[in-house]
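Taken together, the values in this text are just the output of simple stated rules run on the coordinates, not laboratory data. Computed from a predicted structure; not experimentally measured. Heads up, the Cβs are rebuilt from the backbone with ideal geometry, glycines too, and the neighbour counts pull from every protein chain shown.
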Amino acid sequence: MSDLNPQCQLSDSKDAENFSSQPVQQILSTRDATLGEGLIIRRALPHRERRMIGAWCFLDHFGPIRFKKGEGMNVGPHPHIGLQTFTWVIEGKILHRDSLGNAQTINPGQVNLMTAGKGVVHSEESQLDEYATLHGVQLWIALPDSKRQKDASFTHYTELPHFQQDGLSVTVLAGEFEGKTAPTEVFSPLLGLDIVALEATKARLPLNPAFEYGILVLEDEIDVESETISVGKMIYLGCRREHVSIRAFKGARFILIGGEPFKEEILIWWNYVARTKEEIKQADEQWKNNDKRFSEVQGYQGIRVDSPPIPWK
Ligand code: MN
């Protein structure tokens, strides 16, 4: 590959020898944010000090939380452009409905991947049963310029590559790891792994030096190189690394995301990923005016979500 981001290119063999001594680059805290009707979640990306990791441009961690019917996640119909929403459920279930006519329940171990392209609308609900627990993540992937005007699409993935290694249970959510390739369709070189420690263990995970990486803890705490991080903390590893060392107690869980540094400057506002303010303004006017770009979600009992005022003219 000749067009790697310069920051990830190896300049000489001396650099390669230094991989193992490379410290982590940043330790970032998630911030609390409200999702839909009052569900408090942890938002890891975008972060003031770290906007993206590869094409991953958004990372919410929700739960584990217990709730009764009528509580939990209830996000009414809202639009997206220029991105893929990637929903990974660990516990509980989420009902997704969209303007393409899909109504799909996501169960634990499954991924819903919605490619917004030029425009789509969806709703997300978790309060389906009298008592429930919810735990999962939702990520967004910025679409490259060549794909962001495509028609919207939606795929539900029930089977993902899954294996055990060094006391870890690994699920490949996106991309390829240890010869196992996830079926999830993405449009940039990416990796997403969900990892659970089955016992107290230490492991060295192989990395691609051309990728940058981040690790977010979902349960308990882990050691990444010489740093200990717990739920609510994310480590940014940067690129030019051949591996990362992990130590974990039984039950610790984390996701590792990575990708080639995204070359295009993106602009994120509300549920839109674009390149210019004009594009966002146009999309938002179309949402407000019920333009056919954003058609209806059938079957959702409730009202659609209004966008906040755009903070620029
Ligand atoms: Mn959404």
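Please determine, in degrees from 0 to 90 and to the nearest 10, the orientation of helix 277-288 with respect to the longest principal axis defined by the Cα atoms of the chain, where the helix direction is its Cα long axis.
So the inclination is approximately 40 degrees.
According to the square roots a ≥ b ≥ c of the eigenvalues of the Cα gyration tensor, what is the shape class of region 188-313, taking rounded for a/c under 1.5, prolate for a/b larger than b/c otherwise, and oblate for the remainder? The partial results should precede the final answer.
Working: a/c = 3.08, a/b = 1.98, b/c = 1.56.
Cα axes put region 188-313 in the prolate bin.
If you average the sequence gap of Cα pairs under 8 Å that are 6 or more apart and divide by the length of region 72-223, what percent do you get for the contact order?
On the way: 312 pairs, mean separation 32.2, N = 152.
Reported as a whole number, the value is 21 percent.
Show me the ranking of peptides 247-259, 155-167, 222-234 by mean Cβ neighbours inside 10 Å, starting with the highest.
On the way: 247-259: 21.3, 155-167: 14.1, 222-234: 17.0.
Peptide ranking by packing, descending: 247-259, 222-234, 155-167.
Mind listing P(r) for region 78-165? All alpha-carbon pairs, 10 Å bins, whole percents.
For region 78-165, the binned pair fractions read 17, 46, 28, 8, 0 percent.
Lone cysteines in the chain, going by a 4.7 Å Cβ-Cβ cut-off?
Cys57
Which whole-number percent is the relative contact order of the chain (Cα, under 8 Å, 6+ apart)?
Details: 812 pairs, mean separation 66.4, N = 313.
Contact order relative to length: 21 percent.
So what J values fall out for region 76-87 if you push phi through Karplus, 6.51 cos²θ - 1.76 cosθ + 1.60 with θ = phi - 60°, rounded to Hz, Gly and Pro as x?
In residue order, the calculated couplings are x, x, 8, x, 9, 9, x, 8, 10, 9, 10, 10 Hz.
So for region 257-307, what are the equivalent ellipsoid semi-axes in whole Å, largest first, each being the square root of 5 times an eigenvalue of the Cα gyration tensor? Present the calculation step by step, with values, prior to reporting the outcome.
Numbers: eigenvalues 142, 50, 16 Å².
Equivalent-ellipsoid dimensions as semi-axes: 27, 16, 9 Å.
Where does the chain land on Rg(C-alpha)/(2.2 N^0.38 Å)?
For the chain, the normalised Cα radius of gyration comes out at 0.99.
Going highest first, how would you order 194-200, 32-38 by mean Cβ packing within 10 Å? It would help to have the intermediate numbers written out before the result.
Working: 194-200: 17.7, 32-38: 13.3.
With the highest mean Cβ count within 10 Å placed first, the list reads 194-200, 32-38.
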